[in-house]
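The values are calculated or read from the model by the stated rules, or taken from the named source; none is laboratory data. Just so it is clear, the structure is predicted and the values come from calculations on it, not from any experiment. Don't worry about glycine lacking a Cβ; one is built from the backbone with ideal geometry, like all the others, and counts go over all protein chains shown. To get the accessible areas, we keep the full protein, side chains included, count just its heavy atoms, and leave off ligands, DNA and RNA. Shrake-Rupley method; radii C 1.70, N 1.55, O 1.52, S 1.80 Å.
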Amino acid sequence: MSWNTFGRVLRFTTWGESHGPAIGAVLDGCPPGIELAEADIQPFLDARKPGQNKFTTQRKEPDEVRILSGVFEGKTTGTSLSLLIENKDQRSKDYSEIAKTYRPGHADYAYDAKYGFRDYRGGGRSSARETAMRVAAGAVARKIIGGVSILAYVSEIGGDRIDPANFDREEIARNPFWCPDAEAAKRWEALVDDARKAGSSLGAVVECVATGVPAGWGAPVYAKLDSDLAAGMMSINAVKGVEIGDGFDAARLTGEQNADAISPGEDGPEFAANHAGGIAGGISTGQPVVCRVAFKPTSSILTPVASVDREGNAAQVRTKGRHDPCVGIRGTPVVEAMMALVLADHMMLHRAQVSER
């Protein structure tokens, strides 16, 4: 069966295809009485929408969200929130040549193997177009978690990493790469542009930090905060890896190096480091929750790649259309949205079990 719903208490279901008339989300479990309007959601969608510069797909979508239900007199009612975005700039003819040929790196063959049928127009349900609705739902989740601050940024493109010594939070909004290092952003202009002109693409790593998460969110064993974060991030299109805290680097440390030493503090325990990424035993520690998300290079490229058609005959695929030369760039707001949705769900799970705390 297919599965289009994420979350336990705060659950969201997305629907729609890249070249259908609209895409949407239904958010269930949202607490009542939260002030909410389209204007609260739109800025996050504007950050993700395509066609903003030459480093992203040139598909022109306004991505204007409409709230169809779940809000009355400017506040959530506690019933299902229904969110809708109309598709305005589909060019299905761009995909006519791959109707019977599988694009390597895409879900074409896998979808056909599962369903015996696929929507080849922009990938249909497998398109990253779906992530717009995660961003819309994530905007609502941010309202639920209140004082938690979430910041995502690109830390690496095409193997070229930022210098942590150059980290400037204000710089993230000044360049098209969500990059906190001005020098790296300048290098990436040439790097991404060269890949675009060559008909190729590049991968990226997005880091996300949530501050203000109190100790206690999450649960042991099968409802770990970090396992749900990993599942949420891995569900994003083109994501092939997720690290929590030091991630794989933790395997290269000794026990004493990796330990986040604790000492008494005026406002409670103080940690000397955050190798664990703010989560221990599946439960938040009160430190910043940190994860890194690896995006593969965009599979839609103009460079011909060997493949087969539905009859098993050899073929070459050159994907036409409008595509991101580095999908991780516009994936940054999506990573923030998934962080917000997972945290909001775990906040509500925590309150359900230990409401007096």
> When the convex hull of the C-alpha atoms of region 211-292 is computed, what volume per residue in Å³ does it have?
Replying inline: 98
> Projected onto the charge dipole of the chain (+1 at Lys/Arg Cβ, -1 at Asp/Glu Cβ, origin at the Cα centre), which of A99, H346, W178 gives the Cα projection farthest towards the positive end?
Replying inline: A99
> So which aspartates and glutamates can K224 reach, going by Cα to Cα under 15 Å and dropping same-chain residues fewer than 8 places off?
Replying inline: E243, D345
> Using a 1.4 Å probe on the protein chains only, how many percent of the accessible area of the chain belongs to carbon and sulfur?
Replying inline: 52
>> Counting only helical runs of four or more DSSP H residues, what would the 222 nm mean residue ellipticity of the chain come to if each run contributes -39,500 (n - 2.57) and the total is spread over all its residues?
In response: -8000 deg cm²/dmol
> What size of dipole, in debye to the nearest 20, comes out for the chain about its Cα centre when the only charges are +1 on Lys and Arg C-beta atoms and -1 on Asp and Glu C-beta atoms?
Replying inline: 1480
> With each label point set 7 Å from Cα along the Cα-Cβ vector, what nm distance links R310 and A47?
Replying inline: 4.1
>> What are the equivalent ellipsoid semi-axes of the chain, built from the alpha-carbon gyration tensor (square roots of five times its eigenvalues), in whole angstrom, biggest first?
In response: 34, 26, 19
>> For the full complex of protein chains and a 1.4 angstrom probe, list D112, D119 by accessible area with the highest value first.
In response: D119, D112
>> Compute a Gaussian network model of the chain, connecting alpha carbons closer than 10 Å, and tell me which residue from A230, A141, A272 fluctuates the most.
In response: A272
> Which helices, taking whole DSSP H runs in the chain, have alpha carbons extending 24 angstrom or more along the helix axis plus mean Kyte-Doolittle at least 0.5?
Replying inline: 327-353
> Can you pull out the trypsin sites (Lys or Arg not before Pro) in region 91-179 that DSSP calls coil and that have at most 16 other Cβ atoms within 10 Å?
Replying inline: R91, K100
